[in-house]
Amino acid sequence: MPSVPSFLPSCDPVILRSSALREGTPLDAIDGVQPGHVAEPASPQALAELLAGAARDGASVVLRGGGTKLGWGRQPKPVDLVISTRRLNRVLTHAYGDLTATVEAGTPIRALNQELRRHGQWLPIDAPFDEATVGGVIATNDSGPLRHRHGTPRDLLIGVHLAMTDGRVVKAGGTVVKNVAGYDLGKLVSGSHGSLAAIVDATFKLAPLPGASTTVVAAFHEPGALVRAVSAVSASQLEPTAFDLHVVAALGKILIQFSSTPAAIDAQVEELRRWLVTADSFELVTGPAEADVWRGQTRGMWESPGSIVRASWLPANLPAVLSLLTEMAGEQPIQLAARAGVGAGLIRIEGNSSAHAAAIEGLRARPGVVGHVVVLRAEAAVKQQIDVWGGPSDHEALLGAVKRAFDPAGILNAGRGPV
Amino acid sequence: MDQRLLDELAGICGAEAVLHEPLQLLTYECDALPHLRSLPAAVVLPSSASQVQAVVRVCHRAGIPFVARGHGTGLSGGALPAKDGVVIALSRLNRILDVDIANRRVTVEPGVTNLEITKAVAPHGYYYAPDPSSQQVCSIGGNVAENSGGAHCLKYGFTVHHVLALEVVLPDGEVANIGSPVVDTPGPDLLGLFVGSEGTLGIATKIVVRILRKPESVQTLLAAFDSIDAGGEAVSAIIGAGIIPAAVEMMDSLAIQAAEAAVHPNFPPSDTILIVELDGPAAEVRSLFQIVEETCRRVGATKIEIAPDDQQRARIWRGRKAAFAAMGRVSPNYYVQDGVVPRTKLPEVLGKVRDLSIRSGLRIGNVFHAGDGNLHPLICYDERVPGESDRAVEVAGEILRYCVEAGGSITGEHGVGADKAEYMSQMFTAEDLDAMQRVRLAFDPRNLCNPRKIFPTPRLCGEVPGPYRAHPVETAGLAERF
């Protein structure tokens, strides 16, 4: 057993030992910064005790789930302790008759869905990473194409337990879908990137697994035809589960998934054919090939080099967004994978990394076209030139007050933001 | 209240927009939970966001508590005035500022009613999804404060799922924009926190909501059953088949009788009726509706009616949505509660409620959103009978206890307000509540913004605990309950 430490002197050594405290290694590095120590608490209470010890001793803490999005955020200041939720990985209850499940934060979404599948249900979050955990997707509010139908994790979350920096474990929300008792702290930590408290478990409303599905992939070489088709589908009464766009250079694709009864899928595909009559190709995909199409759409970008930014826009602004990207693509190749109905997506900027910051600033310079340009993946050189979160908002003071209320010692997230 | 402050408020909103005579104030002494009453020192009726901001600044500077009020339809005393405080009534902020069909967004002021949004976009084939039963009169600002639901939230979610951005006057009079018409505002979800915070974190002065395309097809079925259990079994089987209906509602015999007496929906006389509505693409609704119908027959429906057109559908919904108000036809007084249980616990909890009704000697009508386990027990009593009002309060508290014990909640959509603050400790520990209080203090360090709501505190002086009594406006025949 490793001897424990002068590190976190105010923390109970029993907690430190049971949390497998060890020194950080290069494998634990966050954006190039190697943490001093790593702990893997085995219970919510132990996690809370570690936070309290860190707060007393002024140690900076970064929370880690599957570690799939650790590079998101500003470059960290020195990190004293990474707290991993790896051992908080149980599905606590699956109340399938009530379409809800309570699950510990370190559980990978994929493992959760394997469990839920036994009763024909799932948590419809199709974030792009296999090892992404429940806590991680809530903290980043990350989502994929299914957002079109099911929303983002915050829309599915109905209750949480949080470990606070004062060592307490507190509850907000509950285990029933309809519940307005008390403040919804689950919403507050959604998108907080671990900067307010640690999520230790979460309760979600679930969805029945779809009986059947079909995906239509339609290609357009003419951007005008693409945007007219998107607008026609948006105004139609079709109800797809996913309605995506993929654009690289002059090739644009619309990807639409229908999940329903076979008869309803057929009827909707036939109607869609009428809306997409100007497409250069119209392909129906089902089965394993369909899964591949969506895997490519969500993951392709992450498997390719370059900076990745998240951006959003008013859905009807799509023509202006595409023009802006075409303009920028003159300088470096640009890829867009987007939720057409929602008005949000990821933009990948390739080429010379020194031009990335300029491209990101170019996007931010057009707030009438795109809003909320947040850098998700970028090299240190790029992050040094721009703030990954974008400019300050008019609620900074409010966020600051909330941060001080939850993390008065300022130990969480090592300056990575967003608060 | 100090005359100089009244003058200052009049300087902001105009003298006619500041009420301070006791008779004028009476209208504002309660919301739709009239057993909790408290006279404010003044009521101001601002007509713009900047006036709201100026009024809040004055209150903040002078240390005067203030309470925002929409159209006063809340059922938990959320708009109960603070003693010696100011009520900021938002009924004059009632403009629809922007209808943007291409982006499926509507921008409104808080005093616009829920249904006005749908009316504004219906000609374009769109609607606003959350549909509380009071939607004809309740304000969207109030919906934001309470995170209102409605019959269709089983499939479409609550207010929090349909609001994109808020302009908010914070308790110190600063203005913040939270959320944004463009999605994915970085950082903690302050919008999600604010929606449902019951007016304790600030006052929304501008609201951007998302509208939805009307579904291609809607089908509504009404099934009668001999018992609540049989109706409940139908609901379980429908949801077990992987179907998420747009709405699943149940009413028991007392609620059915009341609805018949009030609005004559011509419901079949029975122990229980179940209303199931499916919407979506026509082919999907057709095939799933068949499963719903077969399921109802299989578990023993004694009668099934399928609404052949919009008019008949409206008839069914009229009967359901009038149920609360209709209780006045069968009982001199009634008290509505808003507990939630996991759906699978409905039969067990309703059994307990039935026993409680027998034990207490009070009739209890049940109207509930069966799809999500949200109960609205209507406890009948006669305030002229000594002790009966107190018994109704005890019965309501007992029902909420059953809900919490079954793993549910003390409120599904009406809010905690002043009415249920004392029950919060049944659901949350002192530490949970302390974490929430910290958020409140981050927004409102001086505790001026809708104080004494949500969190358990000793009862207010002069506050009479107890169930429903007619609002003066109702007694005068000027308004109906929803």
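Derivation of every value follows stated rules applied to the coordinates shown; laboratory data play no part. Just so it is clear, the structure is predicted and the values come from calculations on it, not from any experiment. All Cβ positions, even for glycine, are placed from backbone atoms using ideal geometry, and neighbour counts span all protein chains on display.
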Inter-chain Cβ neighbour average for residues A:390-400, partner chain, 10 Å
5
I'd like to compare A:349-362, A:246-259: which one has the highest average count of other Cβ atoms within 10 Å, and what's the full order after that?
A:246-259, A:349-362
Normalised by the residues of chain A, what does the relative contact order come to in percent, with Cα pairs under 8 Å and at least six apart?
16
Return B:Met1, B:Met251 ranked ascending by Cβ neighbour count within 10 Å, so the fewest neighbours appear first.
B:Met1, B:Met251
DSSP-defined beta bridges in the protein assembly as shown - what % are antiparallel, rounded to 5:
90
When DSSP assigns beta bridges and you keep just the ones with both residues in the stretch B:1-108, what percent turn out antiparallel, to the nearest 5?
45
GNM flexibility winner over chain A from A:Leu206, A:Leu324, A:Leu196 (Cα, springs under 10 Å):
A:Leu324
The summed charge of the B:Ala62 Cβ neighbourhood (under 14 Å; Lys/Arg +1, Asp/Glu -1) stands at -1
Rounded to the nearest 5, what % of the DSSP beta bridges within chain B are antiparallel ones?
90
Magnitude of the Cβ-charge dipole of chain A, K/R +1 and D/E -1, about the Cα centre, nearest 20 debye?
600
Taking 8 Å as the Cα distance limit and 6 or more residues as the minimum spacing, I'd like the relative contact order of the stretch B:113-222 as a percentage.
29
What does the C-alpha gyration tensor say about the overall shape of the stretch A:48-117? Classify as rounded when a/c is under 1.5, otherwise prolate if a/b is larger than b/c, or oblate.
prolate
Suppose every K and R has +1 on its Cβ and every D and E has -1 on its Cβ; what is the size of the dipole of the protein assembly as shown about the Cα centre, in Debye to the nearest 20?
360
Based on Cβ point charges of +1 for Lys and Arg and -1 for Asp and Glu, what charge dipole magnitude is obtained for chain B about its Cα centre, in debye rounded to the nearest 20?
320
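Based solely on its DSSP helices, what 222 nm [θ] is calculated for chain B when runs of n ≥ 4 H residues each add -39,500 (n - 2.57) and the sum is averaged over all residues, nearest 500 deg cm²/dmol?
-10000 deg cm²/dmol
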Expressed as a rounded percentage, what relative contact order does the stretch A:167-211 have, with Cα pairs under 8 Å and six or more residues apart?
31
For residues of B:428-437, the mean tally of beta carbons on other chains within 10 Å:
6
Shielding score for B:336-342, defined as the mean number of other chain Cβ atoms within 10 Å
3
Net charge over other residues, Cβ less than 14 angstrom from the Cβ of B:Trp317 (K, R count +1; D, E count -1):
-2
Round to the nearest 10 and give me the degree value, 0 to 90, for the angle of helix B:49-62's Cα axis relative to the longest principal axis of chain B.
60
